[in-house]
Amino acid sequence: MANKSRKVTIYNNVAGCDAKDDTTYRIITGASSGTCYTFDRNMPGTDCAEYTRGGWGGPGGCTSGSLLPKSALQKNGNGPACTFYSKEECGGSSTTTVDVCVDGTAIGLDTFASFRCS
């Protein structure tokens with residue numbers, strides 16, 4: 001079931017979810033519980049807004065090309081956690097979080113490739 005209050009914000013070039021002037025980030029809303037989403041692929045049932053220049057530009061559609069996140073911030077509206085994976089199709093190493101920044105570099109990853117929310 002889609003949860004419109006669930007928000008996943010992904011950041012292209014910062015490790016701590018702290019946008020800089022050269023950061024592009026996307027806010028993905030409406031991820032369905034239990035569905036695996038791979039970044040840089042179509043995410044049916046979700047909405048996406050893209051911000052550039054650290055938030056000064058946007059929102060726009062998520063059409064600028066690839067964005068594999070170095071960090072991600074998930075807000076679930078008091079709901080269950082999201083898990084972020086090192087490989088596409090929710091494979092490889094993973095880390096689970098609720099309402100805190102997930103820093104890929106802190107767990108030895110350059111970027112995340114996919115995610116799933118409970």
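The values are calculated or read from the model by the stated rules, or taken from the named source; none is laboratory data. Worth saying up front: this structure is predicted, and the values here are computed from it rather than measured. Neighbour counts run over all protein chains shown; Cβ positions are idealised from the backbone, glycine included.
Could you tell me which of the residues Arg26, Arg41 is farther than 18 Å from Ala106 by Cβ and in a strand (DSSP E or B)?
Working: Arg41 fails: in a strand (DSSP E or B).
Matching residue, one of Arg26, Arg41: Arg26.
Considering Arg53, Arg116, which residue is of a type outside the set (A, V, I, L, M, F, W, C) and farther than 14 Å from Asn13 by Cα?
Working: Arg53 fails: farther than 14 Å from Asn13 by Cα.
Exactly one residue qualifies, and that residue is Arg116.
Taking Glu50 as meeting all but one of (1) without any contact (Cβ under 8 Å) to a residue 60 or more places away in the chain; (2) more than 16 Å from Arg6 (Cβ to Cβ); (3) in a loop (DSSP other than H, G, I, E, B); (4) under 12 Å from the mean Cα position of the chain (by Cα), write down the number of the exception.
Evaluating Glu50 over (1) without any contact (Cβ under 8 Å) to a residue 60 or more places away in the chain; (2) more than 16 Å from Arg6 (Cβ to Cβ); (3) in a loop (DSSP other than H, G, I, E, B); (4) under 12 Å from the mean Cα position of the chain (by Cα) leaves (3) as the failure.
Based on this model, can you work out whether Tyr85 counts as surrounded by 13 or more Cβ atoms within 10 Å (Cβ to Cβ) and in contact (Cβ under 8 Å) with a residue 60 or more places away in the chain?
Spelling it out, it is not the case that Tyr85 is surrounded by 13 or more Cβ atoms within 10 Å (Cβ to Cβ) and in contact (Cβ under 8 Å) with a residue 60 or more places away in the chain.
I'm trying to understand the selection: among the residues of region 73-118, which are of a type in the set (A, V, I, L, M) and modelled with pLDDT under 95?
Of the residues in region 73-118, the ones of a type in the set (A, V, I, L, M) are 73, 81, 98, 100, 102, 106-107, 109, 113.
Passing the criteria: Leu73, Ala81, Val98, Val100, Val102, Ala106, Ile107, Leu109.
Given the criteria aliphatic (A, V, I, L, M), modelled with pLDDT under 95 and exposed (fewer than 15 other Cβ atoms within 10 Å of the Cβ), does Val14 qualify?
no
Within region 69-80, restricting attention to residues that are surrounded by 16 or more Cβ atoms within 10 Å (Cβ to Cβ) and without any contact (Cβ under 8 Å) to a residue 60 or more places away in the chain, which residue is nearest to Ile27 (Cα to Cα)? Steps first, answer last, please.
So in region 69-80, the residues surrounded by 16 or more Cβ atoms within 10 Å (Cβ to Cβ) come out as 69-76, 79.
Going one step further and asking which of them are without any contact (Cβ under 8 Å) to a residue 60 or more places away in the chain, we end up with 69-70.
On the way: Pro69: 12, Lys70: 14 Å.
Residue satisfying both the conditions and the ranking: Pro69.
So that you can scan it fast, the table gives a plain yes or no per residue for (1) under 20 Å from Gly91 (Cβ atoms); (2) touching a residue at least 60 places away in the same chain (Cβ under 8 Å); (3) touching a Leu at 6+ places or on another chain (Cβ under 6 Å):
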site: Cys17; (1), (2), (3): no, yes, yes
site: Ile27; (1), (2), (3): no, no, no
site: Ser33; (1), (2), (3): yes, yes, no
site: Gly45; (1), (2), (3): no, no, no
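Considering only region 95-116, state which residues are free of Cβ contacts under 8 Å to residues at least 60 places away in the same chain, charged (D, E, K, R) and touching a helix residue (DSSP H, G or I) at 6+ places or on another chain (Cβ under 8 Å).
Asp110
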